[in-house]
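Everything below concerns the one structure shown next.
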Amino acid sequence: MRLLPPIFTAQSAVSAFSTDTNIQSKQNLYPTLTGAQLPKDQSDALADELNTLYQSVMDSLGSDDARYIQRVHATVVYSEIISRGLLAAAGRMPSKRSLVATWLLGTSLLSFSKILNNMELGHNVMHGQYDWMQHPHLNSQKFDWDIVCPAPLWQHSHNYLHHTFTNIVGRDHDVGYHLIRVTDEQPWTPEDRYNMFSTAVLAFGFEWAVAFHDIQISADEYADSPDLHKIMQQKSRALFAKIGRQIGKDYIALPSVVAMALGRRSAFSTLSGNMTANTVRNLWTWAVIFCGHFTEQAHIYTHLDANESKGDWYVRQILGSSNIKGSKWFHLLTGNLSHQIEHHIFPDMPAGHYAKIAPQVQAICRKYGLSYNTGHFGTQLKQVLGRIYHFSKPSEKEWQAYVQSMENADSTTHKDDRSAADLEDKLAIENTSGLTRFLPPVVRKAISYAW
């Protein structure tokens with residue numbers, strides 16, 4: 001498969017050989033790195049310590065871990081059943097006050113169930129954290145979560161691309177999700193002025209962005225493959241099938257069944273509860289993910305070192321991630337992604353162990369002079385929004401570069417050197433008609449490949 005090469009030139013990269021991250025932080029609020037941050041002997045020593053820590057945890061896995069994830073699964077199932085019963089019953093309440101109270105309780109419980117399904121259960125199971133159990137359902141090959149993105153598409157864009165090429169511009173497509181500018185390695189364009197609005201759209205529809213994310217990535221990744229259309233057709237059909245199942249369940253089947261059994265008011269309370277719970281889950285997931293990757297000191301990389309060692313990879317994961325402080329319940333609702341640093345260095349370790357090993361990881365980071373970025377949720381979220389707003393505006397140099405690029409574009413003759421795959425994509429999108437013309441390009445692309 002073809003990975004997109006880095007296409008941007010670093011404008012504010014800090015030295016690849018400085019190990020004093022405090023100095024780096026003062027030099028650059030949003031650090032950009034050009035290479036390894038530790039000499040080879042130190043990165044190798046760090047890797048040995050982290051490998052030993054990882055192995056000690058993995059060797060200790062047993063019945064307690066199995067019972068834990070099974071309890072989480074049972075909690076997801078039973079909380080969903082109870083919440084849907086409450087939403088249906090809300091429409092039959094004798095007074096408006098009891099209706100609202102029952103609806104709020106049912107919606108809150110359903111939101112909890114969907115968040116737990118998405119974060120602590122789905123995300124972690126599909127990372128292979130519990131494959132060692134050989135459970136018939138709770139394994140990375142068979143489990144699928146309660147969102148519109150099929151598991152295989154997410155595992156490709158997230159488990160493989162994001163966790164392998166974390167925070168490398170041009171290779172980690174989670175850097176801005178093709179929608180938001182979060183680093184000066186992404187050239188400024190006028191569309192970036194709407195960074196904050198785009199972020200709001202992304203947050204409210206996060207499951208949809210995740211669903212179509214792999215389509216956008218794969219169309220480029222497999223552009224040179226003779227099996228491009230076959231691969232994209234398979235992905236697109238799987239995506240629309242999953243979307244159909246999710247929409248059918250939450251917005252058609254369940255409200256319809258409730259309507260026939262209990263009447264229109266109950267159908268409306270069920271439908272509105274489902275819509276609200278999905279929105280709450282999207283907003284929460286977006287917030288946790290962005291707080292783990294785009295705080296002020298989350299480091300961005302310009303390229304992948306061809307000689308990157310396991311120790312260098314560990315360092316890149318540590319510097320590119322941020323933790324969130326909180327209670328035990330808070331960590332549960334984040335799927336323990338509040339320990340994003342521990343997750344990125346040990347993605348297949350059962351997430352319940354992250355809090356236990358966090359002090360040891362922090363001590364290792366301190367020993368090797370690496371920053372361990374952590375803070376309370378409000379602090380981290382404020383930094384994320386500050387970063388997004390900061391990069392919505394061009395610096396004077398970036399504005400001049402943009403103006404110059406426009407002048408150059410106007411003064412040169414454009415040559416059509418697109419690949420056959422690019423032309424196929426363009427023609428397929430242009431041939432769409434009707435309401436599909438108003439859909440985002442990536443959605444039209446998925447539709448064109450599905451048939």
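The values are calculated or read from the model by the stated rules, or taken from the named source; none is laboratory data. Remember, it's a predicted structure, so these values are computed and weren't measured experimentally. Don't worry about glycine lacking a Cβ; one is built from the backbone with ideal geometry, like all the others, and counts go over all protein chains shown. Note: accessible area is taken over every heavy atom of the protein model, side chains too, but ligands, DNA and RNA are not part of it. Shrake-Rupley method; radii C 1.70, N 1.55, O 1.52, S 1.80 Å.
Would you calculate, for the chain, the mean residue ellipticity at 222 nm contributed by helices, counting each DSSP H stretch of 4 or more residues as -39,500 (n - 2.57) and dividing by all residues, to the nearest 500?
Helix contribution divided over all residues of the chain: -18000 deg cm²/dmol.
With the full set of protein chains in place, find how many percent of the accessible area of the chain is carbon and sulfur; take the probe as 1.4 Å.
Carbon and sulfur: 60 percent of the exposed surface of the chain.
Rank by packing, highest mean first: peptides 105-111, 238-244, 134-140, with packing defined as the count of other Cβ atoms within 10 Å averaged across residues.
Taking the mean over residues of other Cβ atoms within 10 Å, the ranking is 105-111, 238-244, 134-140.
Kindly provide the Kirkwood hydrodynamic radius of the chain in Å, to one decimal, from all pairs of distinct alpha carbon atoms.
Result for the chain, one decimal place: 23.8 Å.
Provide the percentage of antiparallel DSSP beta bridges, counting only those with both residues in the chain; round to the nearest 5.
0
Per-residue counts of other Cβ atoms within 10 Å, averaged by peptide: what ranking do you get for 367-378, 56-67, 157-168, highest first?
Averaged packing, sorted descending, gives the order 157-168, 367-378, 56-67.
Test of understanding: what is the full-extension gain from Lys367 to Ser225, defined as 0.36 nm times their sequence separation minus their Cα-Cα distance?
Extra length available between Lys367 and Ser225 comes to 46.5 nm.
Using 27 Å as the Cα-Cα cut-off, could you pick out the over-long pairs in Lys310/Lys367; Lys230/Lys310; Lys328/Lys382; Lys235/Lys356; Lys242/Lys382; Lys249/Lys325?
Distance filter (> 27 Å) returns Lys230/Lys310; Lys235/Lys356; Lys242/Lys382; Lys249/Lys325.
Between Asn117, His156, Ser198, whose Cα lies farthest towards the positive end of the dipole of the range 106-246 when Lys and Arg beta carbons carry +1 and Asp and Glu beta carbons carry -1, centred on the Cα centre?
Asn117
With every protein chain left in place, what is the accessible area per residue of the range 154-256 in square angstrom, probe 1.4 Å?
That works out to 39 Å² for each residue.
For the range 193-289, what is the relative contact order in percent, using Cα pairs closer than 8 Å and at least 6 residues apart in sequence?
Dividing the mean separation by the residue count of the range 193-289 yields 37 percent.
Considering the options Leu86, Ile341, Ser322, tell which one lies farthest towards the positive end of the dipole of the chain, charges being +1 on Lys and Arg and -1 on Asp and Glu at the Cβ, about the Cα centre.
Leu86
Quick one: what does P(r) look like for the range 173-260 with 10 Å bins over all Cα pairs, in whole %?
14, 31, 29, 19, 5, 1
For the pair Gln400 and Ile447, how long in nm is the line joining their label points, each one 7 Å along Cα→Cβ?
4.5
Tell me, what is the FRET efficiency for Ile252 and Arg193 to the nearest 0.05, using R0 = 35 angstrom and their Cβ-Cβ distance as r?
FRET efficiency, Ile252 to Arg193: 0.35.
So how much accessible area does Leu86 have, in Å² to the nearest 10, using a 1.4 Å probe?
Near enough 50 Å² of accessible area.
Charges at C-beta only: +1 for Lys and Arg, -1 for Asp and Glu. How large is the resulting dipole of the chain about its Cα centre, in Debye rounded to 20?
For this selection, approximately 2220 debye.
Taking each full run of DSSP H in the chain as one helix, which ones are at least 27 Å long along their axis (Cα atoms) and have mean Kyte-Doolittle hydropathy of at least -0.5?
Membrane-span-like by this criterion, though nothing is claimed about a membrane: 63-90, 96-116, 228-247, 264-291.
State the extension gain, in nm to one decimal, for the chain segment bounded by Phe240 and His390, taking 0.36 nm per residue of separation less the distance between their alpha-carbons.
This chain segment gains 50.4 nm when fully extended.
What are the residues whose amide H is under 5 Å from the amide H of Lys325, where those residues sit 5 or more places off or on another chain and H is modelled from the backbone?
Those qualifying (amide H under 5 Å, at least 5 residues apart or on another chain) are Gly375, His376, Phe377.
Can you sort Met133, Met260, Met119 by 1.4 Å-probe accessible area, starting with the largest?
Result of the area sort, largest leading: Met260, Met133, Met119.
7 Å from Cα along Cα→Cβ at both Arg264 and His376: what's the point-to-point distance in nm?
4.8
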